[in-house]
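Working notes, beginning with the structure itself.
Since every read-out is calculated from the coordinates, none of them should be taken as a lab result. Treat the numbers as computed from the prediction; the structure is a model and nothing was measured. Glycine also receives a Cβ, built like all others from the backbone with ideal geometry; neighbour counts cover every protein chain displayed.
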Amino acid sequence: MRTQVCIIGGGPAGLLLSQLLHRAGIDTVVLERRSRAYVLSRIRAGVLEWGTVKLLESAGLGQRMHAEGYVHDGTYLAAQNRGFRVDFKALTGTPVMVYGQTEVTHDLYDARDAMDGVVIDEAEGVTPHDVDTDAPYVTYTKDGTEHRIDCDFVAGCDGYHGVSRQTIPASVLRTFERVYPFGWLGVLSETPPVSHELIYANHARGFALCSMRNANLSRYYVQAPVDDPIEKWSDDAFWDELRRRIPEDAADRLVTGPSIEKSIAPLRSFVAEPMRWGRLFLVGDAAHIVPPTGAKGLNLAMSDVHYLFEALKTHYHDGDAAGIEGYSETALARVWKAIRFSWWMTTTMHRFPDQTDFDQRIQETEIDYLEGSETAQRSMAENYVGLPY
Ligand code: FAD
Ligand code: DHB
């Protein structure tokens, strides 16, 4: 088989890239290791930057998002039972959209199906070859038969554990990493959200976050030891812990119920440079990971897709390779700013095991400064709603 762009990974980055390229008349094949049902069952991010909203609209995906998503003009930050609101809309002119990654992925699969896009699921042993030459190809096995796809370019959209990044020689690849000494215990429950906007809470017992998916689906997180066995956290233990960490008025209003999903995720900052090697591009989590505080992971994958789509379109339509050559540098400039912001928000809002009294005072002062300074709030808001592409 031959295609123009072979895309490894059918998560949000791979599917959106495929959708945008197809609409621009550029042929793609998406190879996904898992089944579609598995990909669609993953519960992940919940907040979309407005740039992500616009990009999805430009791919023809706005309808259900605008009908079912929630536009949020601001968010609440709380520390030791005191809270204040940061008004994104007033400070930056831009809101955010609460619409789950699960729904985005669902819309993307529907859109790919409607255009007869080629998405091959349960593709095993996907391997890129000769990406540093002018004739790259990708091999994989499906139902016991080996296949080969010749292509012009390979887009590695295969997440943190994918094969694409590993294709780049160690002598070329440079990685940067910080692993945080805690995780997020997340619960999804069919209960009305405790607040009409998100609450990010700093507390002596650890961070907590109140989020949502819809009027009867809440998403809550508490900071927890990453190696805690999940059985240690009964639903009651989770709700008790969340209640202790959020402001009293919210705790009093909190409606609890059985969890329909419960898991602990590690927190890590990670960047791989460069994001292009020959005809291989790294996109989204394949190139970088952020801790979830600040909701940047999915949004960063989407801005990478934007840069790569524009670069490939200019190459195919105008014969101009400048975008392709500059992809890594352009994408990394925005990636590092999101890495910085999510590191700052994680550091400001969590309790670290080795936190000294000095660290504690600095953290309290950071939040106090944010509460009292419109300039500080505008900077936070500018980053939260997403820096321009
Ligand atoms: P992925 O969504 O990881 O998609 C990669 C795809 O490639 C997957 O479908 C995978 O099956 C496939 N793949 C992998 N290897 C291969 C291979 N060898 N061959 C073929 N296919 C392959 N972000 C937030 O902003 N907020 C959150 O609350 C949040 N929670 C998260 C919780 C978890 C457990 C995880 C893992 C991530 C979370 N994130 C969150 C981050 C966010 O979900 C990611 O940034 C986003 O999914 C990135 O999209 P992607 O398409 O780059 O990668
Ligand atoms: C959600 C996750 C985040 O990491 C975040 O900062 C906000 C919301 C969520 O899952 O809803």
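Only Cα pairs under 8 Å and 6+ residues apart enter the sum, and on that basis the relative contact order of the chain stands at 20 percent. Reported to the nearest whole Å, the Cα centre-to-centre distance from the stretch 1-30 to the stretch 45-93 is 27. The fewest-to-most ranking of Phe84, Phe352 by surrounding Cβ atoms within 10 Å reads Phe84, Phe352. By the helix-only formula, in which each DSSP H run with n ≥ 4 contributes -39500 (n - 2.57) and the sum is divided by residues, the chain has a 222 nm mean residue ellipticity of -12000 deg cm²/dmol. Could you tell me the relative contact order of the stretch 133-260? Use alpha-carbon pairs under 8 Å, at least six residues apart, and round to a whole percent. RCO, the stretch 133-260: 21 percent. Could you state the angle between the C-alpha long axis of helix 101-114 and the longest principal axis of the C-alpha atoms of the chain, as a value from 0 to 90 degrees rounded to the nearest 10? The two axes meet at around 30 degrees. Compute the angle between helix 374-385 and the longest alpha-carbon principal axis of the chain, please, reported from 0 to 90 degrees and rounded to the nearest 10. Result, in degrees: 40.
Between the stretch 101-126 and the stretch 218-258, the C-alpha centres lie 34 angstrom from each other. Annotated for the chain: lysine pairs at least 8 residues apart or interchain, Cα distance under 27 Å, count 11. If you average the alpha carbon positions of the stretch 174-212 and of the stretch 292-353, how far apart do those two centres end up, in angstrom? Using only Cα atoms, the two centres lie 22 Å from each other. Taking a sphere under 12 Å around the Cβ of Ser269 and counting the other residues whose Cβ falls inside, with K and R at +1 and D and E at -1, yields a net charge of +3. Kindly work out what percent of the DSSP beta bridges joining two residues of the chain are antiparallel, to the nearest 5. Among the beta bridges of the chain, antiparallel pairing accounts for roughly 75 percent. Charge tally for Asp134 (other residues, Cβ to Cβ under 12 Å; Lys, Arg +1; Asp, Glu -1): -3. Using the Cβ of Ser328 as centre and a radius below 11 Å, the other residues enclosed give a net charge of -3, where K and R count +1 and D and E count -1.
In plain terms, the residue of Trp233, Trp184, Trp344 with the fewest other Cβ atoms within 10 Å comes first and the most crowded comes last, giving Trp344, Trp233, Trp184. Dipole of the chain (Lys/Arg Cβ +1, Asp/Glu Cβ -1, origin at the Cα centre): which of Ala301, Thr356, Val187 lies farthest to the positive side? Result: Thr356, furthest along the dipole toward the positive end. Against the chain, whose longest principal axis comes from its Cα atoms, helix 357-372 is set at around 90 degrees.
Among Phe88, Phe182, the ranking by other beta carbons within 10 Å of each residue's beta carbon, starting with the fewest, stands as Phe182, Phe88. Each residue, Asp110 and Phe358, gets one label point 7 Å from its Cα in the Cβ direction; the gap between the two is 5.5 nm.
Kirkwood hydrodynamic radius of the stretch 240-282, from the reciprocal of the average inverse Cα-Cα distance over all distinct pairs: 15.0 Å.
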